[in-house]
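Colleague: My questions will all concern the structure given below.
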Amino acid sequence: MDAVLEFLIFALKATMGLVIYFAPTLVAHKRIPLRAFTVFNWNLFLGWTVIGWVIALVWALRAPSDHIES
């Protein structure tokens, strides 16, 4: 029984960790779906660094620009 409980606690912690790790992607998907894939890639490859995760979060929270500059 202890092994099952330990596994459930581990699974819960791992799930919570993944949700926190991919929080910028979840925010981008909710706010700006067109930017979500780019934020996901940034988060996946550079999110393990604290600065990469912060940049992904800021990028997800930024308002989309109304026009495209050339």
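Colleague: Once you compute Rg and the Kirkwood Rh from C-alpha atoms, what is the Rg to Rh ratio for the chain?
Modeller: Looking at the chain, the ratio lands at 1.19.
Colleague: Now for a different question. Running a GNM on the chain with Cα contacts under 10 Å, which residue among L26, L12, L57 ends up with the highest mean-square fluctuation?
Modeller: L12
Colleague: Would you tally the net charge around W59, using a Cβ to Cβ cut-off of less than 11 Å, leaving W59 out, and scoring K and R as +1, D and E as -1?
Modeller: With Lys, Arg at +1 and Asp, Glu at -1, the net is +3.
Colleague: If a helix is a whole DSSP H run, which ones in the chain reach 27 Å or further along their own axis (Cα) and hold a mean Kyte-Doolittle hydropathy of at least 0.0?
Modeller: Correct list, ordered by number: 2-21.
Colleague: Build a GNM of the chain with springs between Cα atoms under 10 Å: which of V19, V27, V39 gets the top mean-square fluctuation?
Modeller: Its mean-square fluctuation being the largest, the pick is V19.
Colleague: Could you check the simple spin-label distance between L61 and I20, using points 7 Å along Cα→Cβ, in nm with one decimal?
Modeller: Label-label distance for L61 and I20, simple model: 1.7 nm.
Colleague: So, one more: Top mean-square fluctuation among A36, A14, A60, Gaussian network model of the chain, C-alpha springs under 10 Å?
Modeller: Between A36, A14, A60, it is A14 that shows the largest mean-square fluctuation.
The numbers here are math on the coordinates, done by the rules we state, and not lab data. Just so we're clear, the structure is a prediction, and the values are computed from it rather than from any experiment. Reconstructed Cβ throughout: ideal geometry from the backbone, glycine too, with neighbour counts over all protein chains shown.
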